């Protein structure tokens, strides 16, 4: 199993998921404000466990994945971000791209933490997968995430139905 790289910024440590992250992940994904634009239904502890295992497994299978975002000063889990290959039923397809995503606890949103995490991820992916296109899907009502994506070089290239609603598909180059 590949070692998940640890990324550090001034305020954050991005590290691999561990089984003892389950309570923090369960708490986060049970919040209606976290899932509002991501399916809309809070996750159970069982669903959070499956999500945690998927995040760990993505690194083993694909050589990239999601990191847990922790606050450096306290060690508290404040979110997650990274890359995955979900093989979604979307047209146009995102297969073969690095689909990225991010999520932070509400009290850490709007304070530059997401930008800090994303900048660390761009550095890592630029060194490790420089030729891959980075994509993301965002609910069109999620203006904050669309704005963050655009500030990081993403541009909309399509809209597509996905799981009963429309999503915006965005992309950027790794380097």
Only one of these conditions is not met by residue 132: (1) over 16 Å from the mean Cα position of the chain (by Cα); (2) farther than 15 Å from residue 58 by Cβ. Which number is it? (2)
Please verify whether residue 106 is touching a helix residue (DSSP H, G or I) at 6+ places or on another chain (Cβ under 8 Å) and either touching a residue at least 12 places away in the same chain (Cβ under 8 Å) or surrounded by 17 or more Cβ atoms within 10 Å (Cβ to Cβ) (or both), treating the condition exactly as stated. yes
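Listed residues 16, 79; which is under 17 Å from residue 104 (Cβ atoms), crowded, with 17+ Cβ neighbours inside 10 Å and in contact with a helix residue (DSSP H, G or I) (Cβ under 8 Å, 6 or more places away or on another chain)?
Working: 16 fails: under 17 Å from residue 104 (Cβ atoms).
Residue meeting the stated conditions: 79.
Out of all the residues in the range 126-148, which are within 17 Å of residue 92 (Cβ to Cβ) and either in a helix (DSSP H, G or I) or in contact (Cβ under 8 Å) with a residue 40 or more places away in the chain (or both)? Spell out the reasoning first.
Of the range 126-148, the ones within 17 Å of residue 92 (Cβ to Cβ) are 132-138, 140.
Across the range 126-148, the qualifying residues are 132, 133, 134, 135, 137, 138.
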Identify all residues within the range 21-55 that are closer than 22 Å to residue 85 by Cβ, in contact with a helix residue (DSSP H, G or I) (Cβ under 8 Å, 6 or more places away or on another chain) and either touching a residue at least 40 places away in the same chain (Cβ under 8 Å) or loosely packed, with under 14 Cβ neighbours inside 10 Å (or both); write none if there are none. 21, 25, 37
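How many residues does the range 1-20 contain that are within 16 Å of the chain's Cα centre (by Cα) and either in a loop (DSSP other than H, G, I, E, B) or closer than 23 Å to residue 60 by Cα (or both)?
Applying the first criterion (within 16 Å of the chain's Cα centre (by Cα)) to the range 1-20 yields 4-7, 12-17.
Right, trim to either in a loop (DSSP other than H, G, I, E, B) or closer than 23 Å to residue 60 by Cα (or both) and you get 4-7, 13-17.
Qualifying residue count for the region: 9.
No value in this document is a laboratory result; all are computed from the given coordinates. This one's a predicted model, so the numbers in the text were calculated from it and none came from an experiment. Every residue, glycine among them, receives a Cβ derived from its backbone with ideal geometry; neighbour counts consider all protein chains shown.
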